[in-house]
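What follows is calculated from the coordinates using simple rules that are stated; it is not laboratory data. The structure displayed is predicted, hence computed values, not measured ones. Heads up, the Cβs are rebuilt from the backbone with ideal geometry, glycines too, and the neighbour counts pull from every protein chain shown.
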Amino acid sequence: MTSQNGEGKILILATEACAYPGANSVGQAHSSYPANTYILRVRAPVMFPEHFYIDCFRKGISGIIVMSCGEECPYEGAYKAFARRIDRVYQQMKELGLDIRRLRLTAICTVCNRPFLKEVNDMNRLIRELGPPVFKEDPRTPAQ
């Protein structure tokens, strides 16, 4: 699945307390970023189960950036739980033959215009280099 301009799609999970206002400030500054970027405002990324990320790649998302408050998450313990979950997702990605650089975690504040743009542009370059996600056979799925 590619965007209308033929590039792979980038999904950004932007926390409503930090990163989403940061993304909004990029728009207010009239800065531009690639049109193949889709931003989803989330309360906290910990609410997405491990299979969510793999499902996104299976459905044609080429790269995912999780932009959050990092350790300053307003929900006690949520960031540490999220970091453990993402470690497991990285392991699953390796087992499936997916380059783990397709999933990126970053802390973005409410006024982090340049870091926001850098992350999006870096991911865009990466997915152009890697092409669409290609899965090797899932070792947990029995052969048919």
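Things to note:
- Subtracting the Cα-Cα distance of residue 16 and residue 135 from 0.36 nm times their residue separation leaves 39.7 nm of extension gain.
- Order of 68, 31 - criterion: other Cβ atoms within 10 Å of each residue's Cβ, fewest first: 31, 68
- For the chain: relative contact order, % (alpha-carbon pairs under 8 angstrom, 6 or more apart): 34
- Remark: the residue 47-residue 24 segment gains 6.1 nm on full extension, using 0.36 nm per residue and subtracting the alpha carbon distance.
- Loop-located GluC sites (Glu not before Pro) across region 34-131 with a Cβ neighbour count of 15 or fewer within 10 Å are 76, with loop assigned by DSSP.
- log10 of Debye I(q)/I(0), alpha-carbon scatterers only, for the chain at 0.16, 0.20 Å⁻¹: -0.84, -1.23
- From least to most packed, judged by other beta carbons within 10 angstrom and beginning with the fewest, 67, 93 follow the order 93, 67.
- Of all beta bridges that DSSP places with both ends in the chain, some 5 percent have antiparallel geometry.
- Crossing angle, helix 19-28 versus the chain [Cα axis fit, 0-90 degrees, rounded to tens]: 60
- Going from the fewest other Cβ atoms within 10 Å to the most, the residues 98, 117 appear in the order 117, 98.
- Computed over region 38-115, the quotient of the alpha carbon radius of gyration and 2.2 N^0.38 Å is 1.10.
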